[in-house]
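The values are calculated or read from the model by the stated rules, or taken from the named source; none is laboratory data. Because the structure is predicted, anything quoted here is derived from the model rather than measured. When we count neighbours, we look across all protein chains shown, and the Cβ atoms used for this are built from the backbone with ideal geometry, even at glycine. These area figures cover heavy atoms from the full protein model, side chains too; ligands, DNA and RNA do not enter into them. Shrake-Rupley method; radii C 1.70, N 1.55, O 1.52, S 1.80 Å.
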Amino acid sequence: LADSAKYNVWAYNCTFWIGSVPVLWLPVLYKGNEENGFGWQIQAGEDSNWGYYIRTKKTVTLTKYPEIKASLLADYFSDRGPGAGLKFKMRTEKSYSEAFVYVMTDKDSEKTPHARFDIPKERYDAYFSSLLHLTPRLDVRGHIEKISDINFLYDFFRDRYNNDPQPATYVNADYQFDRFIVSGTVRPRI
């Protein structure tokens with residue numbers, strides 16, 4: 001349809017089949033009028049620490065300005081249990097902010113290799129990160145993160161772990177003069 005970008009699409013009681021076997025049921029699918037496809041990311045496979053797994057992510061644009069996007073994460077690991085999360089991103093001309101929370105009840109936290117500390121059954125990660133351009137010369141950045149245990153990112157978000165295994169909580173302000181920059185940073189322990 002040439003004018004399909006004018007409409008939102010809602011599909012109810014959706015079942016996905018492989019051959020004659022139903023493999024995934026979703027109560028509702030939503031496609032916004034400016035999204036390509038239904039915006040679902042689905043990853044499935046088998047891992048020695050997770051067992052069989054399926055990880056899903058659905059992202060929707062809530063508003064155009066300020067641009068706010070929300071992502072819903074719904075995962076299931078046969079050896080570890082279910083996990084769920086939300087991620088919000090907001091962008092304006094002078095700011096960018098991101099908030100994330102992911103929780104799970106780990107059925108088999110003993111599978112975490114090389115754990116020096118006890119790994120709790122209730123595991124989570126929550127963070128808020130922001131960049132503000134207060135004036136053309138003054139920027140303020142901040143990041144607050146609380147993780148249930150030292151191995152959580154390693155176990156479930158390996159790409160984030162590889163980038164920064166122990167994310168710092170900080171607030172930083174930079175003022176740019178013509179020939180130099182004055183910067184201050186505070187890093188409390190969370």
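Brief remarks on what is shown
- For region 161-177, filtering for residues that are crowded, with 16+ Cβ neighbours inside 10 Å and not polar (S, T, N, Q) leaves 3.
- Selection count where residues are open to solvent by 50 Å² or more (accessible area, probe 1.4 Å) and touching a residue at least 24 places away in the same chain (Cβ under 8 Å), scope region 62-76: 2
- Residue list for region 119-135, filter: among the basic types (Lys, Arg) and open to solvent by less than 80 Å² (accessible area, probe 1.4 Å): Arg123
- Taking every residue in region 103-114 that is on the phi > 0 side of the Ramachandran plot and of a type in the set (Asp, Glu) and pairing it with any residue that is buried (at least 17 other Cβ atoms within 10 Å of the Cβ) and at pLDDT below 80, at least 6 positions away or on another chain, yields no pair with a Cβ-Cβ distance below 8 Å.
Results for (1) open to solvent by 60 Å² or more (accessible area, probe 1.4 Å); (2) polar (S, T, N, Q); (3) farther than 30 Å from Leu29 by Cβ; (4) assigned to a strand (DSSP E or B), shown as yes or no for each residue.
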site	(1), (2), (3), (4)
Gly83	no, no, no, yes
Lys89	yes, no, no, yes
Phe100	no, no, no, yes
Glu110	yes, no, yes, no
Phe117	yes, no, yes, no
His143	no, no, yes, yes
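- Top-ranked residue of region 3-18 - restricted to ones that are part of a loop (DSSP other than H, G, I, E, B) and open to solvent by 70 Å² or more (accessible area, probe 1.4 Å), ranked as modelled with the highest pLDDT: Asn8
- Note on region 43-59: residues that are of a type in the set (A, V, I, L, M, F, W, C) and part of a strand (DSSP E or B) total 2.
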